[in-house]
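Bear in mind these aren't lab numbers, they're just calculated from the coordinates by the rules spelled out. Keep in mind that this is a model prediction, so the values were computed, not measured. Ideal geometry is used to build each Cβ from the backbone, glycine not excepted, and the neighbour counts take in all protein chains shown.
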Amino acid sequence: MISEKLIANSGKKLDLSKVSTSDTLNFKSKSETSSLLKKNIKKMFDLQGKLYAQNEYSVLIVFQAMDAAGKDSTIKHVMSGLNPQGTQVHSFKQPSAEELDHDYLWRINKALPERGRIGIFNRSYYEEVLVVRVHNLIKTQHLPKEMKKGDIWKKRFRQIQDFEKYLYENGTMILKFFLHVSKEEQKKRFLDRINDKSKNWKFSSSDLAERKLWNEYQKCYGEAISATSKKHAPWFIIPADHKWFMRFAVSQIITEYLEKLDIDYPELSGEQIKKLNESRKILMGND
């Protein structure tokens, strides 16, 4: 199973520089995975229908990555077959003044998927142990001085673990994807955005400023993934240099985990079946 090959080990020190960004697990080309991706999209649609009808579980899918790794396109391609009625996508930007006046999970709680729904986070609460850590933005957060003492990042890893365990124990399945792109591939994609007029809008000079902090981000990602990849809330490190493989791998893992859920269409009672039959007779008659 692809999920078993790409899952991140819990608690094990993770050096992302030693993890391949181009491995395709023996799949050779886009044409080889194209039909498999379509099958997975169809399966997800069918499973989403059961999830929505049963209205017991919810699913939270988290995407994190360096710039130009392909978060937006992966969400677009992999989730294209889902029913919008049961799907919620949230993209988390820089916190507002109101959000900074609350704990960092406040805005996350408001965006969590309802029972029966699939929620997709394009970036997430993990930004609080990534960009906040790299740029030392903790000083802009209105925390009491005593709360900033000690290793605040280990505290936040523990808080995130507790948060995800709470969600899991209340019926939310959590899947987290780190789209692992190489620095060389990111450079190619940035140049593509600059050279293609239709993609100019995607590029920002701030992307280059963040690129200079590559090593710091890789370190923070490694520590965050290692600390918070748990059986009930696993991280998957998806090689992202080949977009065709990345999209297929994400679709395969989501499908594998949805199939593990105990979901089905609700079974009707005898009385409900009787009413359906009566309604059928009325509709089939001359009214």
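Between the beta carbons of His135 and Ser31, assuming R0 = 35 Å, the FRET efficiency works out to 0.25 to the nearest 0.05. Computed from Cα positions, the angle between helix 183-195 and the longest principal axis of the chain comes to roughly 80 degrees. The calculated FRET efficiency for the pair Asn195 and Met284, based on their C-beta separation and a Förster distance of 45 Å, comes to about 0.10.
Available extension along the chain between Glu98 and Asn9 is 28.4 nm, counting 0.36 nm per residue and deducting the alpha carbon span.
Based on DSSP loop calls and a cut-off of at most 13 other Cβ atoms within 10 Å, the longest stretch of the chain free of exposed GluC sites (Glu not before Pro) is what? Longest site-free region, per DSSP loop and neighbour criteria: 115-266. Here the label points at Lys231 and Tyr265, each 7 Å from Cα along the C-beta direction, are separated by 3.4 nm in the simple model. Here the Karplus curve 6.51 cos²θ - 1.76 cosθ + 1.60, taken at θ = phi - 60°, turns the phi angles of region 33-47 into couplings of 9, 4, 5, 5, 4, 4, 5, 5, 4, 5, 4, 4, 4, 5, 5 Hz, with x standing for Gly and Pro. Counting 0.36 nm for each residue step from Asn55 to Ser206 and taking away their Cα separation leaves a gain of 50.1 nm. On full extension, the segment bounded by Lys155 and Trp214 gains 18.9 nm, given 0.36 nm per residue less the C-alpha separation. Sorting Thr24, Thr140, Thr255 by the number of Cβ atoms found within 10 Å of their own Cβ, with the fewest placed first, yields Thr140, Thr24, Thr255. Taking Rg and Dmax of the Cα atoms in Å as calculated from this structure, the corresponding entry among [x] 18.4, 56; [y] 21.5, 77; [z] 23.4, 76 is [y]. Across region 58-70, computed HN-Hα scalar couplings (Karplus, 6.51 cos²θ - 1.76 cosθ + 1.60, θ = phi - 60°) run 10, 10, 10, 10, 10, 10, 10, 5, 6, 4, 6, 6, x Hz from first to last residue, x flagging Gly and Pro.
On the basis of the beta-carbon distance and an R0 of 30 Å, Lys148 and Trp106 show a calculated FRET efficiency of 0.95.
Relative to the longest principal Cα axis of the chain, at what angle does helix 270-284 sit, 0 to 90 degrees, rounded to 10? Taking Cα atoms only, the helix is inclined about 70 degrees. Answer rounded, prolate or oblate for region 56-104, using the Cα gyration tensor with square roots of eigenvalues a ≥ b ≥ c: rounded when a/c is under 1.5, else prolate when a/b is larger than b/c, else oblate. Oblate.
Comparing Gly49, Gly116, Gly11 in a Gaussian network model of the chain (Cα springs below 10 Å), the most mobile by mean-square fluctuation is Gly11.
Helix 214-228 and the long axis of the chain differ in direction by around 50°, with both axes built from C-alpha atoms. Dipole orientation for the chain: of the candidates Ile238, Gly285, Leu175, Ile238 has the Cα lying most toward the positive pole (charges on Cβ; Lys, Arg +1; Asp, Glu -1). With contacts taken as Cα pairs under 8 Å and at least 6 residues apart, region 129-287 reaches a relative contact order of 31 percent.
Around the amide H of His180, modelled in the peptide plane, lie the amide H atoms of Ile238, Ala240, all under 5 Å away and 5 or more residues distant in sequence or on another chain. Using C-alpha pairs under 8 Å with a sequence gap of at least 6, the mean separation divided by the residue count of region 2-284 gives a relative contact order of 37 percent. Sites count as exposed loop sites when they are trypsin sites (Lys or Arg not before Pro), lie in a DSSP loop, and have at most 15 other Cβ atoms within 10 angstrom; the longest stretch of the chain without one is 29-92. Using a cut-off of 21 Å between Cα atoms, the listed pairs Lys165/Lys230; Lys38/Lys76; Lys176/Lys230; Lys13/Lys154; Lys18/Lys183; Lys183/Lys212 include none that exceed that distance.
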